[in-house]
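Asks: Just dropping this structure here.
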Amino acid sequence: MLLQTFCHIPGVGEKIERRIWEEGITTWEEALGYPALEKIVPSKFSRSARSFLYRSLQKLEGGEARFFKEHLDTHDHWRLFPHFQNDTVFLDIETTGLNPPQDYVTAITIFDGKRIKTFIQGINLPEFKEEIMKYKVIVTFNGKCFDIPFLEQHLGIKFPHVHLDLRFILRSLGFRGGLKACEKAIGIDRGDLRGVNGYTAVLLWQKYREGCPEALETLLAYNVADTVNLEKLMVFAYNEKLRNYPFPQLSLSLPPKKIITPYQVHPEILKEINHEYWRTVSQKEVKV
């Protein structure tokens, strides 16, 4: 919906943007060809509006997502998604806990809509720094509060990307709860990973460190599921946001239902971990 966006122009808010649409002007090119554009835009900004639209076209053609990040309010960044879809990466991390530097990253998965890449502590984690800079837009769930700050502190890198955090985009649409709750609300089924959560991921890493390779594979399968499901949520959220605007023709097709992942879930490992967890809880209750 970026080409239909005018609220990034200095002096143009949502009300004026809707007035522009009501005049039958629905794209930047139409606006540039509209002789009375200056009468719609506040006089203080009217002279610069046209040149700003020319500049916007140039920035879009040059793939400069950061320009729009800087000139759009954060709650409107979702409008960029289709135009930078080929430069978008979905990201999720697993950690040993919530508090760096005591806790650390165990795995990172990124997914660009076609390829899945995983980065694992002690194996190839340093490669993430170079790989993530190939993209312009990052999509996460709660990444603004957790994933990105954790990575910045743990890996010592800064992220110049446009960051679309689905936690807040979905909340604006009335969805509450964590990632799994939002997935369930739109019909995503986790299959063998149903019921697995972030704490399970911590226990899987511990079991891997104790010498169980199947635990690592299950952890990575979980991390991949967290990541690839973000694409479905992003497309869903974009289409739902679009319902509030007069451009139904801009809706996106949902991605394929199933992505083939490179890792296998080992249900017996999950069962074993679950048994060990409840045994530990029971022992603590007895001591108390």
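Derivation of every value follows stated rules applied to the coordinates shown; laboratory data play no part. Values in this document were obtained by computation on a predicted structure and should not be read as measured data. Counting neighbours? That spans all protein chains shown, and the Cβs are built from the backbone with ideal geometry, glycine included.
Asks: Work out the charge dipole of the chain with +1 on the Cβ of Lys and Arg and -1 on the Cβ of Asp and Glu about the Cα centre, then indicate which of 188, 221, 56 is farthest towards its positive end.
Replies: 56
Asks: If each DSSP helix of 4+ residues adds -39,500 (n - 2.57) and the sum is divided by the residues in the chain, what number results at 222 nm, nearest 500 deg cm²/dmol?
Replies: After summing the helix terms and dividing by residue count, I get -14000 deg cm²/dmol.
Asks: Dipole size in debye (nearest 20) for the stretch 86-287 around its Cα centre, Lys and Arg Cβ +1, Asp and Glu Cβ -1?
Replies: That gives the stretch 86-287 a dipole magnitude of about 640 debye.
Asks: Among the DSSP beta bridges whose two residues both lie in the chain, what percent are antiparallel, rounded to the nearest 5?
Replies: 60
Asks: Still on this model: Rg/Rh for the stretch 2-62: what does it come to with C-alpha atoms and Rh from Kirkwood?
Replies: Result: Rg/Rh = 0.91.
Asks: Based on the Cβ-Cβ distance of residue 19 and residue 64, what FRET efficiency does E = 1/(1 + (r/R0)^6) give at R0 = 25 Å, to the nearest 0.05?
Replies: For R0 = 25 Å, the calculated efficiency reads 0.35.
Asks: So which chymotrypsin sites (Phe, Trp or Tyr not before Pro) in the stretch 125-163 are both in a DSSP loop and have at most 15 other Cβ atoms within 10 Å of their Cβ?
Replies: Passing both the DSSP loop test and the Cβ count: no residue.
Asks: What residues from the stretch 83-100 fall in the zone where the backbone N is under 14 Å from a label point 7 Å along the Cα-to-C-beta line of residue 112?
Replies: 84-91
Asks: Still on this structure: Using the Cα centre of the stretch 175-288 as the reference point, and only Cβ charges (+1 on K/R, -1 on D/E), how large is the resulting charge dipole? Debye, rounded to the nearest 20. Each step should come with its number before you reach the end.
Replies: Numbers: 16 positive and 13 negative charges, 87 e Å.
Roughly 420 debye for the stretch 175-288.
Asks: Using alpha-carbon pairs under 8 Å, 6+ residues apart, how would you state the relative contact order of the chain in percent?
Replies: Over the chain, the number comes to 15 percent.
Asks: Give me the one-decimal nm value for the distance between modelled label points at residue 176 and residue 264, 7 Å along each residue's Cα-to-Cβ direction.
Replies: So the two model labels end up 4.2 nm from each other.
Asks: Based on the Cβ-Cβ distance from residue 152 to residue 127, what FRET efficiency comes out when R0 is 22 Å, to the nearest 0.05?
Replies: Here the calculated transfer efficiency is 0.80.
Asks: Where does the chain land on Rg/Rh, using Cα atoms and the Kirkwood Rh? Kindly include the intermediate steps, with their values, before the conclusion.
Replies: Working: Rg = 22.4 Å, Rh = 21.1 Å.
On the Cα set of the chain, Rg over Rh gives 1.06.
Asks: Which listed residue (146, 249, 269) has the Cα farthest towards the positive end of the charge dipole for the chain, taking +1 on Lys and Arg C-beta and -1 on Asp and Glu C-beta about the Cα centre?
Replies: Highest projection toward the positive end goes to 249.
Asks: May I pose another question? Take the chain, mark every one of the trypsin sites (Lys or Arg not before Pro) that falls in a DSSP loop and has at most 16 other Cβ within 10 Å, then report the longest stretch left between them, sites excluded.
Replies: Result, exposed sites excluded: 1-113.
Asks: Also: With a ≥ b ≥ c taken as the square roots of the eigenvalues of the C-alpha gyration tensor of the stretch 156-288, please select rounded if a/c is under 1.5 and otherwise prolate if a/b is larger than b/c or oblate if it is not?
Replies: On the way: a/c = 2.29, a/b = 2.02, b/c = 1.13.
Prolate is the answer for the stretch 156-288, as a/c is 1.5 or above and a/b outweighs b/c.
Asks: Quick one: dipole size for the stretch 128-193, taken about the Cα centre, charges +1 on Lys/Arg Cβ and -1 on Asp/Glu Cβ, in debye to the nearest 20.
Replies: 240
Asks: A further question follows. Among 77, 137, 278, whose Cα lies farthest out toward the positive end of the dipole of the chain, if unit charges sit on the beta carbon of Lys, Arg (+1) and Asp, Glu (-1)?
Replies: Farthest towards the positive end: 77.
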